[in-house]
Structures are given as structure tokens and as C-alpha cells.
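Data block below; observations after.
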Amino acid sequence: MATAAPPPTGAGTGTGSPLQPTTEAFVETQRSAEFGELRRAHRSFAFPLTVAFIAWYLLYVLLSNYAGGLMGTSVYGNINVALVLGVAQFATTFLIAWVYARHAAERLDPKAEAIKSRMEADA
């Protein structure tokens with residue numbers, strides 16, 4: 001039983017598959033300034049946002065463990081601070097996903113598409 005698909009064949013074999021870039025082309029692209037800029041654009045957005053979200057989550061956990069009086073404070077009726085912050089965790093998760101999707105669509109995807117198009121044209 002095979003677990004991996006065979007490599008695609010070239011366009012000259014009659015199968016209609018496009019030629020694939022060589023390993024050297026991938027390595028060259030990885031070392032290019034254009035790819036470095038794409039990597040920096042991703043990292044400069046994703047890493048700080050990840051650290052901020054983890055810090056926010058850990059704050060919630062620490063407050064839940066060590067500040068029971070604060071977390072039990074009633075905000076409105078049976079709704080307390082812990083519930084509000086817990087729901088805010090979910091809202092923050094969706095907000096971060098939405099912001100990242102916008103960032104990727106506006107800044108990362110065009111750069112990645114340009115790199116991909118150039119590599120396919122050179123193959």
C-alpha cells in the first residue's frame with residue numbers, strides 16, 4: 001500500500017501537468033530578498049499578536065486561580081467578571097482570526113502570489 005503520491009510528470013510527457021520548479025529554484029527563492037520580506041511581514045504581525053493573546057489568556061487563568069473575589073464580582077444580575085472575561089476570550093479569538101485574514105489578504109497573499117507566479121514562469 002503506497003502512502004505517497006508519485007511526483008508529477010512534466011508538460012512534455014503528454015499528461016498536461018505543468019513543469020515543477022527544481023529544488024534549486026526553491027532554495028534560491030527562499031534566500032531571495034522578496035521571500036525574506038514576505039517572511040518578515042508575516043512574523044512581524046503574527047508573533048506579537050500570538051504573544052499578546054497568550055498573555056491575555058494567562059492573565060485570565062491567573063485571575064481565575066488567585067483573584068476569586070475579583071472574578072466573582074457581580075457585573076449585572078448573575079453575570080460576574082469571570083463570565084465577562086471568559087466570553088471576551090472567545091470574542092478575542094474570533095477577532096484575531098478576522099484581523100489576520102484581512103492582513104494576509106492585503107499584505108501577504110499578493111507577495112506570495114508574485115513569488116509563486118515567478119517560480120511557475122521560470123519552471
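Checked against the criteria, Arg102 does not count as loosely packed, with under 14 Cβ neighbours inside 10 Å, among the basic types (Lys, Arg) and modelled with pLDDT under 95. Restricting attention to segment 17-33, the residues that are of a type in the set (Asp, Glu) and exposed (fewer than 13 other Cβ atoms within 10 Å of the Cβ) add up to 1.
When Leu70, Leu49, Leu85 are checked against the criterion of being in contact with a helix residue (DSSP H, G or I) (Cβ under 9 Å, 6 or more places away or on another chain), under 30 Å from Arg107 (Cβ atoms) and surrounded by 10 or more Cβ atoms within 10 Å (Cβ to Cβ), a single residue qualifies: Leu49.
The values are calculated or read from the model by the stated rules, or taken from the named source; none is laboratory data. Bear in mind that the values here come from a model prediction, so they are computed numbers and not experimental data. Because the Cβ atoms are built from the backbone with ideal geometry, glycine has one as well, and the counts that use them run over all protein chains shown.
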